[in-house]
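Here the structure is laid out as structure tokens; the discussion comes afterwards.
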Amino acid sequence: MKVFGPRLNSNTEYRGLVSINLQLFADTSGKTEKATPKKREELRKKGQVMQSREVTSNLILLMIFLSFKLVGSYLYTEFKSLFNLFLTDTAAYNLTDPNEIMRLAAFAALQIVKMAAPFLIIAILFGVLGSYFQIGFLFTLEPIKPKFSHINPINGLKRIFSSRSLFEFIKSIAKVVIVAWVAWASIQAEFLNLTKLMALDLGQIVMYTLGSAVDIGIKICLALLAVSAVDYFFQWRKYEKDIRMTKQEVKEEYKQLEGNPEVRSRIRQKQREISMRRMLSEVPKADVVITNPTHFAVAIRYEPQKKPAPYVVAKGADYLAERIKEVARKSRVEIVENKPLAQALYNSVDIGDVIPPELYRAVAEVLAFVYNLQGKNPQAAL
């Protein structure tokens, strides 16, 4: 087979003099990850939700046919009265008077509205319910906003040759086949009853014909429910595929939600600095700083009116221990070296907590020593 025009590469296909780059239709997005809850919520706000219109439309159609079944006699009575109005009762109206014509038209319109209103209400009600059970309550104007992508010819070609278009084509054929098959099978089943219609009057024939048509409509709607189920599954799979994310998008979203690791590290560092400054500001109020002397430093304060036992106002190890001792020297707070006690206080007591009973005696001895140096009453430490 002769191909016109030069062949540039394997990704270019020619038909006559027209070249089509197949790479334009390839999925190179690398979207392999499921959409996160955050992205789903953002898409929902934009009106991009998973919904099968087949489910809603078939549900509405089925309910309308069932309503015909339930209120068929009422419709027949109303239509008969309207028919009689135009055939026999028009003699009661002066058709040369515009007012009489308007009154007749208003009466006829009212009769038509009375017949159509139940079906209109049912269509609206089940249309809303069908959408609500699929996507819940949602109101947004985003889908009707103009977008350049809607008029982009490349995107248009992608939609024409997409899997969605192929599925819609197959679905349309399936619906035609199902409707034709169900209708023909139902009509064949009624062939034996056609001879009985000869013995009925016109009204009975009309009622029988309408009843049969409604029954066929119900059977068709029930058969189309299978198409609706397949369409719902396809729409769900297609939606899940379309909203997939790349690994990089997931990482970026995680950073936005949890914060950039570098930023979080700086925040934690700032928090530690603030906490350290707050703790060091309590050191000048301490009665004594007990040290290791190099590894640990614990600042103790005793306020009988505030707490029943001495409590820790600051503690630290290594560099922070040096900072506590430095502040204590500047504030003229006594520093006492007691390695076992400093280590025990550092490991067992948190900042703001009172010392445990087993350390009462050791801490009391240190406080008594400090109070003697300062000329205070040593009994205050006991």
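Considering only the other residues whose Cβ falls under 11 Å of the Cβ of K175, what net charge follows from Lys and Arg at +1 and Asp and Glu at -1? All intermediate terms of the calculation are to be shown ahead of the outcome.
Numbers: positive: K171; negative: E54, E168, D231.
Neighbour charge sum, excluding K175 itself: -2.
Structure shown: which of K39/K241; K45/K175; K285/K315; K46/K255; K285/K376 lie over 25 Å apart, alpha-carbon to alpha-carbon?
On the way: K39/K241 13 Å; K45/K175 33 Å; K285/K315 13 Å; K46/K255 23 Å; K285/K376 16 Å.
In this structure, K45/K175 lie more than 25 Å apart at Cα.
Fewest to most neighbouring Cβ within 10 Å: what's the order for S165, S73? Intermediate results must be reported in sequence, preceding the final value.
Numbers: S165 12, S73 9.
By the 10 Å Cβ count, ascending, the order reads S73, S165.
In percent, what relative contact order does the range 281-381 have, based on Cα pairs under 8 Å that are 6 or more apart in sequence?
Details: 177 pairs, mean separation 29.1, N = 101.
The normalised contact order for the range 281-381 reaches 29 percent.
Applying both filters, DSSP loop and at most 13 other Cβ atoms within 10 Å, to the GluC sites (Glu not before Pro) of the range 259-313 eliminates every site. When DSSP beta bridges are restricted to pairs lying wholly in the range 281-381, around 75% turn out antiparallel.
Taking the number of other C-beta atoms within 10 Å as the exposure measure, put M50, M207 in order starting with the fewest. Write out the running numbers ahead of the final one.
On the way: M50 18, M207 14.
Fewest-to-most Cβ neighbours within 10 Å comes out as M207, M50.
Given R₀ = 22 Å, FRET efficiency for I112-K80 by Cβ-Cβ distance, to 0.05? Mind showing how you got there, number by number?
On the way: r = 14 Å, r/R0 = 0.62.
Efficiency for this residue pair is about 0.95.
Ranked by how many other Cβ atoms sit within 10 Å of their own Cβ, fewest first, the residues I300, I121 fall in the order I121, I300.
Reducing the range 269-301 and the range 31-60 to their Cα centroids gives an inter-centroid distance of 56 Å.
None of the figures in this text is laboratory data; all of them are computed from the coordinates on show. Because the structure is predicted, anything quoted here is derived from the model rather than measured. Cβ atoms come from the backbone with ideal geometry, glycine included; neighbour counts cover every protein chain shown.
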